[in-house]
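S.K.: What follows is a structure written as structure tokens; I'll ask about it next.
No value in this document is a laboratory result; all are computed from the given coordinates. Only a predicted model underlies this, so the values are computations on that prediction, with no experimental measurement involved. Cβ: placed from backbone, ideal geometry, glycine included. Neighbour counts: every protein chain shown.
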Amino acid sequence: MLDSKIPSGPIDQKWKNRKFESNLVNPANRRKHTVIVVGTGLAGASAAATLGEQGYRVKVFTFHESPRRAHSIAAQGGINAAKNYQNDGDSVYRLFYDTIKGGDFRSREANVYRLAEVSVNIIDQCVAQGVPFAREYGGTLTNRSFGGTQVSRTFYAKGQTGQQLLLGAYSSLMRQAGQKTIEIFSRQEMVDLIVVEGKARGIIARNLVTGELTTHTADAVILATGGYGNVFFLSTNAKQSNASACWRAHKRGAYFANPCFTQIHPTCVPVSGDYQSKLTLMSESLRNDGRVWVPLKAGEKRAPGDIPENERDYFLERMYPAFGNLVPRDIASRAAKRMCDEGRGVGPTGLSVYMDFRDSIQRLGHATISEKYGNLFQMYEKITDENPYQVPMRIFPAVHYTMGGLWVDYNLMSSIPGLFVAGEANFSDHGANRLGASALMQGLADGYFVIPYSIANYIGGTKLSPIKNDHESAKATLAESQTRLEALMKAKGSQSVDQLHRKLGKIIWDNCGMARNEAGLNEAMVSIQKLKEEFANDVRVPGDNQLNSELEKANRVADFLELGELMCLDALERKESCGGHFREEMQTPEGEALRDDKNFSHVAAWEFTGKTPKLHKEALVFENIHLAQRSYK
Amino acid sequence: MKLHLKIWRQKGPQEAGSFKDYSVDNASEHMSFLEMLDFLNTSLVQKGEEAVQFDHDCREGICGSCSLVINGNPHGPETGTATCQLHMRKFKDGDTIVIEPFRAKAFPVIRDLSVNRTAFDRIMEAGGFCSVNTGNAPEANAILIGKETAEKAMDSAACIGCGACVAACKNASAMLFVSAKVSQLALLPQGNPERGRRVRNMVAQMDQEMFGACSNTGSCEAACPKEIKLENIARLNREMVRAAWVE
């Protein structure tokens, strides 16, 4: 059993207790300690900026040309916080409760409580940085609703909340760069982790422009490198989002937790052809005013506008009257899939459902809808060439977020001492399903308010011997990276990396996507084995060792192949349905996910062994919230 | 659809580049422009030729990575659209399309269509922030900001830092980029205490990076995928004057 190092005391005292017990580092001593941050999304940028402000020497790595381009920037809808500005019954405890329930009771109570607790400070911090949140005429902040909750607690900046929050964190990061507490290494990618005497002591980075590999040593390493949704090839993730930093850390000893917990987001623009490079999300906030429906009859051929009211099935409102269109994502996605399976899907492929704004436009007027969602409607029209003010949007579920990630304890430290993991890259707060507008909250909570305490606690309480770049472990790790990259360059097969990646995506989507079963998962693992061989023998990476996107992709897809296999193994091992993990063998008569709390109320953390991965379990104990079947009816 | 492409190929910053001709036979009008380039690259890779390097990431028009000058226009022919959101249905079967990198002294070419825009980061480093350490913020609703002001600030803050404004300007001026950030923070009370310092430092850094002077022609606004308005530049100029007199 893994020790999650949860502090003692009642739930609302745990974080206070931990902060007080924590070791500290004297302000004058902080500059003697180097901390590496990999990734500059919300979690990475906020952690780096805060550590810089506190006086540590921070080295920040991003494969992007600029920290501002990290994928957090694409988050649209908003960020939750338990401010209760709407006086509608919100509280820290309710946000905690909603998140635990939304995650289908597969997250750690203490972490989630802390997240809800610091959520209020995040909004204060962002406002002080100049983030232009939406406001009322009187000048106060306004809110909207998101799925899985019955209060209005989501703060937003038009449909660009992620962008504005990231630019806020980025501005603080750049301020520290100007003050020389932070050094930024852009277009540099972490290719391995340096572990010395069991502790994380640095990274090997590849300069994507020159191809040079360099060694960087440190006292602690923070991975804030995002999720692994791109295993599926088609996802709403940015094209370059990848799991390599986490996977290399996993291979050096960091456990990977709940890899099968992936989130399929219900409202995305449907796939249009086999050339498609990625999928585009339509924010969940649209479900505040958009009504989701399919025709009552299978095989309906009329245009949506010609289908009369009594021949439409507003299936979310029908099935879940209490939450209606705002049920959590996993539930909405599965319901949409069920409609399409029944032959009632719409569009050329039959793989989409309508999201209709007709009634809201009538009720609120074109101007109000345009003010709330203008940029999303415009984005939809650019992709599909259809005007959603006139015809309903067509949407279908797509891979969006990964709840799984590297295992961390309460302090966000992985199973390798000195290696911390923040944001989507860790597994900690969302259980088996994340609620909308909680990813931004978690990224910033980790970076601004948790990591700084964890780093002080670790550095202040650990004997760290000095280490130089020519340390034997560092040299050996560098040499291994060199060998791996050279092997990829030598490959002279016939398929491009993308072609092979698409094959992997299809295997995982078909067998480890919205619904999983034992036979399919077993088959997928065999197929991935074959695909790995195909990759080794038949990939083609032309070009040189300098700026070469094919080489970068090959390096990442090699890791996705291994991770995909672990996802299937984890899904196979978890013989229950919970949140986004839906095993067809385990469902209620109404087709809802059927948990098995007796046998699976745990985190599955996998250790890399080189052969069959070894499973470690962390028991999930619910002392405050009563375990129950989720109901949104 | 069938397309003829003239694409700028350049090995590195110090080497001379040139246009190379390519043809794509089976493009679909539903492809995005970048998917069309992916399609070309797959065929090049299969032949063992080097893929065309270009910057891209989110492909939703928000990260600001994509660039490209398409038929003489930064981000192509559509207004208010980043290259990644441009679709082939905006072109005709048989079209010849010329694809070049953003060209500016401050944006050196790295390879092919990929350019180095880190000059923008250094301008941000010089002053594009409110100096507030984590933990040092007052209660959010203690700072009242009217709806119109918040929305104006948001309009300026919508800049994605892609650099199309620079690529469009005959002087390769970065005024639209710099003014959008200066405006956002000048409009908001949080930005007030360092208003003068900010504008002076950011403009000084902009000059040091070798961006040119404003041409006053407004081509930046026309090319901007986020439709950032020229009035930001007017506000920047006012902020400079204000800084000289008031602070």
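S.K.: Taking a point 7 angstrom from the Cα of A:ARG31 along the C-beta vector, which residues in the range A:452-480 have backbone N less than 15 Å away?
M.R.: none
S.K.: What FRET efficiency, computed as 1/(1 + (r/R0)^6) with R0 = 56 Å and r the Cβ-Cβ distance, is obtained for A:SER91 and A:GLU533, rounded to the nearest 0.05?
M.R.: Values: r = 55 Å, r/R0 = 0.97.
That gives a FRET efficiency of 0.55.
S.K.: I've got another one for you. Mind listing which trypsin sites (Lys or Arg not before Pro) in the range A:237-298 are in a DSSP loop and have 14 or fewer other Cβ atoms within 10 Å?
M.R.: A:LYS297
S.K.: Work out Dmax and Rg for the range A:472-596 from the C-alpha atoms and quote the Rg first, both in angstrom.
M.R.: Using the Cα atoms of the range A:472-596, the pair Rg, Dmax is 18.2, 59 Å.
S.K.: Taking N as the number of residues in chain B, what is its alpha-carbon radius of gyration divided by 2.2 N^0.38 Å?
M.R.: For chain B, the normalised Cα radius of gyration comes out at 1.13.
S.K.: Would you mind ranking A:ARG18, B:ARG9 so that the residue whose beta carbon has the fewest other beta carbons within 10 Å leads the list?
M.R.: Ascending number of Cβ neighbours within 10 Å: B:ARG9, A:ARG18.
S.K.: Then there is this: Evaluate the charge dipole of the protein assembly as shown about its Cα centre and quote only its size in Debye, nearest 20, assuming +1 on the Cβ of each Lys and Arg and -1 on the Cβ of each Asp and Glu.
M.R.: 1440 debye
S.K.: Let me ask something additional. Residues in the range A:577-593, backbone N under 18 Å from the label point at A:ASN517 (7 Å along the Cα-to-beta-carbon vector): list them, ranges by number please.
M.R.: The answer is A:577-578, A:581-593.
S.K.: Report, by chain and number, residues whose modeled amide H sits under 5 Å from the one on A:VAL191, excluding near sequence neighbours (fewer than 5 apart, same chain).
M.R.: A:ILE204, A:ALA205, A:ARG206
S.K.: For the range A:496-530 and the range A:580-615, compute the distance between their C-alpha centroids and round to whole Å.
M.R.: Taking the Cα centre of the range A:580-615 as reference, the centre of the range A:496-530 is 18 Å away.
S.K.: Return a whole-number percent for the relative contact order of the range B:118-246, with Cα pairs under 8 Å and 6 or more residues apart as the contact set. Before the final figure, lay out each step's value.
M.R.: Details: 158 pairs, mean separation 44.8, N = 129.
Relative CO of the range B:118-246 lands at 35 percent.
S.K.: Please compute, over every Cα-Cα pair in the range A:291-347, the percentage with a separation greater than 15 angstrom.
M.R.: 45 percent
S.K.: Rank these for me by crowding, B:ARG198, A:ARG31, B:ARG122, going from fewest to most other beta carbons within 10 Å.
M.R.: Going from least to most buried by this count: A:ARG31, B:ARG122, B:ARG198.
S.K.: Then there is this: For B:ALA244 and B:MET210, compute 0.36 nm times the residue count separating them, minus their Cα-Cα distance, and round to one decimal in nm.
M.R.: 10.0 nm
S.K.: Let me ask something else. Where in the range B:13-48 is the amide nitrogen less than 20 Å from a point lying 7 Å along the Cα-to-Cβ axis of A:GLN499?
M.R.: Answer for this model: B:23-28, B:35-48.
S.K.: Also, quick follow-up: Tell me which lysines have Cα within less than 20 Å of A:LYS617's Cα, excluding those fewer than 8 residues away on the same chain?
M.R.: Cross-link targets: A:LYS5, A:LYS251, A:LYS575, A:LYS598.
S.K.: Which entries of A:LYS337/B:LYS226; A:LYS239/A:LYS503; A:LYS337/A:LYS506; A:LYS337/A:LYS611 show an alpha-carbon separation above 25 angstrom in the structure shown? Before the final figure, lay out each step's value.
M.R.: Details: A:LYS337/B:LYS226 35 Å; A:LYS239/A:LYS503 16 Å; A:LYS337/A:LYS506 17 Å; A:LYS337/A:LYS611 36 Å.
Long pairs (Cα-Cα over 25 Å): A:LYS337/B:LYS226; A:LYS337/A:LYS611.
S.K.: How much length is gained on full extension from A:LYS598 to A:ASP359, taking 0.36 nm per residue of separation minus their Cα-Cα distance?
M.R.: So the extension gain works out to 81.5 nm.
S.K.: Given R₀ = 51 Å, what would the calculated FRET efficiency be for B:ASP93 paired with A:LEU24, taking r from the Cβ atoms and rounding to 0.05?
M.R.: Working: r = 68 Å, r/R0 = 1.33.
Plugging the Cβ-Cβ distance into 1/(1 + (r/R0)^6) gives 0.15.
S.K.: In addition: How shielded is B:160-166 by partner chains, expressed as the average number of their Cβ atoms within 10 Å of its Cβ atoms?
M.R.: Mean partner-chain Cβ count within 10 Å for B:160-166: 2.
S.K.: What residues qualify as long-range amide H neighbours of A:GLY148, i.e. H under 5 Å apart, gap of 5 or more or another chain, H built at 1.01 Å from N?
M.R.: Those lying under 5 Å, H to H, from A:GLY148 are A:VAL327.
S.K.: Also, I was wondering about something else. Given the C-alpha atoms of the range B:3-111, compute the convex hull and give its volume per residue in Å³.
M.R.: Convex hull of Cα atoms, per residue: 106 Å³.
S.K.: Next up: Could you work out the relative contact order of chain A? I mean the mean sequence separation of Cα pairs under 8 Å and 6+ apart, divided by the number of residues, in percent.
M.R.: Working: 1383 pairs, mean separation 130.7, N = 633.
Here the relative contact order equals 21 percent.
S.K.: To continue, here is another question. Using C-alpha positions alone, give me the convex hull volume of chain A per residue in cubic angstrom.
M.R.: 150 Å³
S.K.: Note down the Stokes-Einstein diffusion coefficient of the range B:141-247 in µm²/s, whole number, using a Kirkwood radius over alpha carbon pairs, 37 °C, and 0.692 mPa s.
M.R.: Once the numbers are plugged in, D ends up at 234 µm²/s.
S.K.: Work out from phi, with θ = phi - 60° and the Karplus expression 6.51 cos²θ - 1.76 cosθ + 1.60, the ³J(HN,Hα) of each residue of the range B:93-105, listed in order in whole Hz, and give x for Gly and Pro.
M.R.: 4, x, 5, 9, 10, 9, 10, 10, x, 4, 10, 6, 4
S.K.: Follow-up question, since we're still on this one. Rounded, prolate or oblate: which one fits the range A:1-113, using the alpha carbon gyration tensor with axes a ≥ b ≥ c (rounded when a/c is under 1.5, else prolate when a/b beats b/c, else oblate)?
M.R.: On the way: a/c = 1.99, a/b = 1.28, b/c = 1.56.
Since a/c reaches 1.5 but b/c is at least a/b, the shape of the range A:1-113 is classed as oblate.
S.K.: Return the average number of partner chain Cβ atoms within 10 angstrom of each residue Cβ along peptide A:542-551.
M.R.: Mean number of neighbouring Cβ atoms from other chains: 5.
S.K.: Quick check on chain B: helices-only [θ] at 222 nm, where DSSP H runs of length 4 and up contribute -39,500 (n - 2.57) each and the sum goes over total residues. Nearest 500, please.
M.R.: So the helix-based figure for chain B works out to -11000 deg cm²/dmol.
S.K.: If you don't mind, another one. Which entries of A:LYS32/A:LYS468; A:LYS492/A:LYS532; B:LYS92/B:LYS229 have Cα-Cα distances beyond 19 Å here?
M.R.: As for pairs spanning more than 19 Å Cα to Cα, those are B:LYS92/B:LYS229.
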